[in-house]
Amino acid sequence: MTPPVILSIAGSDPSGGAGIQADIKTISALQGYAAAVITAITVQNTVGVKAVDFLSANLVSAQIEAVMEDLCPAAIKIGMTGRADIIKAIAGVIANYPDTPVVLDPVMLSTSGHPLTEPEAVDALCTDLFPLCRLVTPNLNEAACLLQRPLHTPEEMEAAAIELSARYGCAFLLKGGHLEGGVMTDILYDRQIYRFTSPRIDTRNLHGTGCTYSSAIATLLGHEFELQEAVRQAKLYMDKAIQAARCWHIGKGQGPLCHFRD
C-alpha cells in the first residue's frame, strides 16, 4: 500500500530533535512518506539556538512547487517560517491547493526561548497563512502573543481558541504544556470545544514537542482521520514518545523525544 505523502515546511535542527528532522521521524513513525522543504538552517543543540540563517523566499517557494506538482501531498505541516517574505512565498504556492489540509505550528520561540520569527513576520503569519490552514497549533506563549494577553487556565484557553478561530477562519489547538499543575490540557476549537488531558510527565527531554505534535496531526489528517480524532491520536503518540525518552541522556540540555518505539 502506498503511504500518504506528508510535506513538512520547516527549519533544520542539526541536533535532530526538532524542526524538519523531528517532522520526518514523526511522519515516518506514523506510516507516512515524508517530503521536506527547508526554510532555514539553525545552529542549535539541546542547550539552545546560537544562530539562524534563512533561505531565500524564491528558493523556499521553488522547493514547495517541486513537491506539490509531483508528489501530490495528502497534508502539509508548516513549522518555522521566520520572515515575512518567506511566509508570503509559502502562501502564494499553497493557496493553489485548497483541498490539501494544512497544519501550522507558529514557531515564534525555541524551547530555550530564542526568537525564531522576526516581529514583522507575525503579521504576515496571521494575514497570509492562518486563513489557508485547517489547524493552527500555538502554545500558551504564542497564543498570548497573538491575543496580547496572558492565558492561565483551561477556561481562558477555550475563550482564546474561539476568538482566534473567529478572527482567522480556521480551527485552533491551544497547547497547555505551560500550565501549572500535574495535568496537561490542550484545547481544540473546531466549531465546538474539545478538551484533551493527560498527566504531566516528569522529564527534561521535551525538545521538539511542538514539531512532533503538529506533524503527527498532519500525518493523521493525511490518513483521512477527522480533525478531532487526529488530534487525539497525535497527543497519545506524543505522550508515549515523551514517556519513552524519559531516561535518555542525549545532549546536555533538553533532550529529544523517542519518535520510534516498540
List every residue pair whose Cβ atoms sit under 8 Å apart, with the two residues 6 or more apart in sequence or on different chains, where the first one lies in the range 115-134 and is within 14 Å of D85 (Cβ to Cβ) and the second, anywhere, is part of a helix (DSSP H, G or I) and charged (D, E, K, R). A124/K88; D128/K88
Please work out which residue is farthest from P154 (Cα to Cα), limiting yourself to the range 191-204 and to residues that are open to solvent by 50 Å² or more (accessible area, probe 1.4 Å) and in a strand (DSSP E or B). P199
Just one listed residue, out of M184, M238, is of a type in the set (A, V, I, L, M, F, W, C), open to solvent by 20 Å² or more (accessible area, probe 1.4 Å) and either closer than 26 Å to Q21 by Cβ or modelled with pLDDT under 95 (or both), and it is M184
Restricting to the range 168-190, what's the tally of residues that are outside any strand (DSSP E or B), in contact (Cβ under 8 Å) with a residue 24 or more places away in the chain and not acidic (D, E)? 7
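Going through the range 127-142 one residue at a time, which ones are open to solvent by less than 60 Å² (accessible area, probe 1.4 Å) and at pLDDT 95 or above?
If the condition is that a residue be open to solvent by less than 60 Å² (accessible area, probe 1.4 Å) and at pLDDT 95 or above, then D128, L129, F130, C133, L135, V136, T137, P138 are the ones that fit.
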Is it the case that the range 112-119 has a residue that's hydroxyl-bearing (S, T, Y), modelled with pLDDT of 95 or more, closer than 25 Å to T219 by Cβ and open to solvent by less than 70 Å² (accessible area, probe 1.4 Å)? no
Among the residues that make up the range 18-34, is at least one of them over 18 Å from T219 (Cα atoms) and at pLDDT 95 or above? no
With the requirement that a residue be assigned to a helix (DSSP H, G or I) and either of a type in the set (A, V, I, L, M, F, W, C) or touching a helix residue (DSSP H, G or I) at 6+ places or on another chain (Cβ under 6 Å) (or both), what does the range 226-254 give you? L227, A230, V231, Q233, A234, L236, Y237, M238, A241, I242, A244
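The values are calculated or read from the model by the stated rules, or taken from the named source; none is laboratory data. Since the structure is predicted, the reported quantities are computational estimates derived from the model, not experimental observations. When we count neighbours, we look across all protein chains shown, and the Cβ atoms used for this are built from the backbone with ideal geometry, even at glycine. Note: areas computed on protein heavy atoms with side chains; ligands, DNA, RNA excluded. Shrake-Rupley method; radii C 1.70, N 1.55, O 1.52, S 1.80 Å.
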